[in-house]
């Protein structure tokens, strides 16, 4: 028989594996997307493509924005809307771009811990998954000692246990002392890292225990960080790897587990399926002092942990997705393929594009004087020739003052605080037109 629910209550975890569903099923894996306004339409095409497939659920491993775009509240609401456009359940593991990097000037110079609180409030408000058909998840936060860690979750769908663990890039927020060169004004002496890392280790061990208790054939773990090639990130000012303990426990628990273990991650934007974990790699060569990562040729890194597989999802400019086949009755329980999205058809005629001057994205936050300059010069047409520009306030929204409205770079003047929408219409030499609108918040 086939299990109707994707998640089981804790009381059901002791059921013999023979009483649980053993039918094959598929899941979708995504992450490190969308990176910037230009990638958003492509990400929405990925969502539509996944919605057409017969997958049980989707997992986004983190990084819902690039490291150079703003961390405004509106971003997290937009992510929630994207996630809830998936027709099936969606699980989410938090990345570094959503919070640790938000103190950067081009991110809005936010306190990262404030942004992490916003992530938790917006995207982990209940014990259910996201998506149009949410399902109950086992949450670490059910234990009062770990009530803060609402993002660490588990799902049992026989014969596999799935676990999200909050392990982001940027050295896992350990010794994050530098902000792209200057000192990080929000550095907290590693208090956040130490508490979360301790919770993560407990949850990692619990995931393996659950897999053993349920006699599961496999365990799939979702994190955002690349704990192999990016094991030690000295650029943030650190002296030790933020992944040492996590990798050490992962290694020992995997070796003691009879089934297959898959770590799904991202961060370095290189899609791959491989077996990099060995007795010696990754690790620091000494337990104390500045970390010197173990380095050796690929075939000289010690005994390979053969029941471990790493999957890195497509990300950044590679706006595609990975499909995982779970096949309980075949030699390889986990089977993977990358679902490469075909190029979007080029629309004939003009295309209106609105950005910030000198950028590829539109910044829609008004300055203290109520002024906002936009740029339509990246608009284009397949018909050749010059474009004419016409800017306006969108119908149904308050009207903003406008100067240079027939040029590529107009300036809008906002007097009353509120939400506006401004539109650009471009016309090419054939008379064909295209319109693009952006929402502006004057707070």
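The values are calculated or read from the model by the stated rules, or taken from the named source; none is laboratory data. All values derive from a computational prediction rather than experimental measurement. Every residue, glycine as well, gets a Cβ built from its backbone with ideal geometry; the counts of neighbours run over all protein chains shown.
For region 158-201, enumerate the residues that are within 30 Å of residue 329 (Cα to Cα) and touching a strand residue (DSSP E or B) at 6+ places or on another chain (Cβ under 7 Å).
Once the filter is applied, which keeps residues that are within 30 Å of residue 329 (Cα to Cα) and touching a strand residue (DSSP E or B) at 6+ places or on another chain (Cβ under 7 Å), region 158-201 yields 159, 160, 161, 162, 163, 164, 165.
Quick one: would you say residue 279 is surrounded by fewer than 18 Cβ atoms within 10 Å (Cβ to Cβ), in the same structural domain as residue 43 (by TED's automatic domain parsing), within 16 Å of residue 247 (Cβ to Cβ) and touching a strand residue (DSSP E or B) at 6+ places or on another chain (Cβ under 9 Å)?
Against the criterion (surrounded by fewer than 18 Cβ atoms within 10 Å (Cβ to Cβ), in the same structural domain as residue 43 (by TED's automatic domain parsing), within 16 Å of residue 247 (Cβ to Cβ) and touching a strand residue (DSSP E or B) at 6+ places or on another chain (Cβ under 9 Å)), residue 279 qualifies.
Give all pairs with beta carbons closer than 7 Å in which a residue from region 178-201 that is more than 21 Å from residue 140 (Cβ to Cβ) meets a residue that is modelled with pLDDT under 95 and in a helix (DSSP H, G or I); count only pairs at least 6 apart in sequence or on separate chains.
Close Cβ pairs satisfying both conditions: 178/236.
Using the structure shown, decide if residue 58 is modelled with pLDDT of 95 or more, over 21 Å from residue 267 (Cα atoms) and not in a loop (DSSP other than H, G, I, E, B). Working first, answer last.
Values: modelled with pLDDT of 95 or more: yes; over 21 Å from residue 267 (Cα atoms): no; not in a loop (DSSP other than H, G, I, E, B): yes.
Against the criterion (modelled with pLDDT of 95 or more, over 21 Å from residue 267 (Cα atoms) and not in a loop (DSSP other than H, G, I, E, B)), residue 58 does not qualify.
I'm told residue 263 meets every condition in (1) crowded, with 20+ Cβ neighbours inside 10 Å; (2) assigned to a helix (DSSP H, G or I) except one. Can you identify the failing condition by its number?
In the conditions (1) crowded, with 20+ Cβ neighbours inside 10 Å; (2) assigned to a helix (DSSP H, G or I), residue 263 misses (2) alone.
Where residues in region 390-415 are touching a residue at least 40 places away in the same chain (Cβ under 8 Å) and surrounded by 15 or more Cβ atoms within 10 Å (Cβ to Cβ), which of them is farthest from residue 427 (Cα to Cα)? Let's see the steps before the verdict.
Looking only at region 390-415, we keep the residues that are touching a residue at least 40 places away in the same chain (Cβ under 8 Å), and these are 394, 400, 409, 411-415.
Checking the rest, the ones that are also surrounded by 15 or more Cβ atoms within 10 Å (Cβ to Cβ) come to 394, 400, 411-412, 414.
Numbers: 394: 17, 400: 22, 411: 20, 412: 21, 414: 26 Å.
Once the filter is applied, the top-ranked residue is 414.
Might you check whether a residue that is within 22 Å of residue 302 (Cβ to Cβ), crowded, with 16+ Cβ neighbours inside 10 Å and within 22 Å of the chain's Cα centre (by Cα) occurs anywhere in region 216-223?
yes
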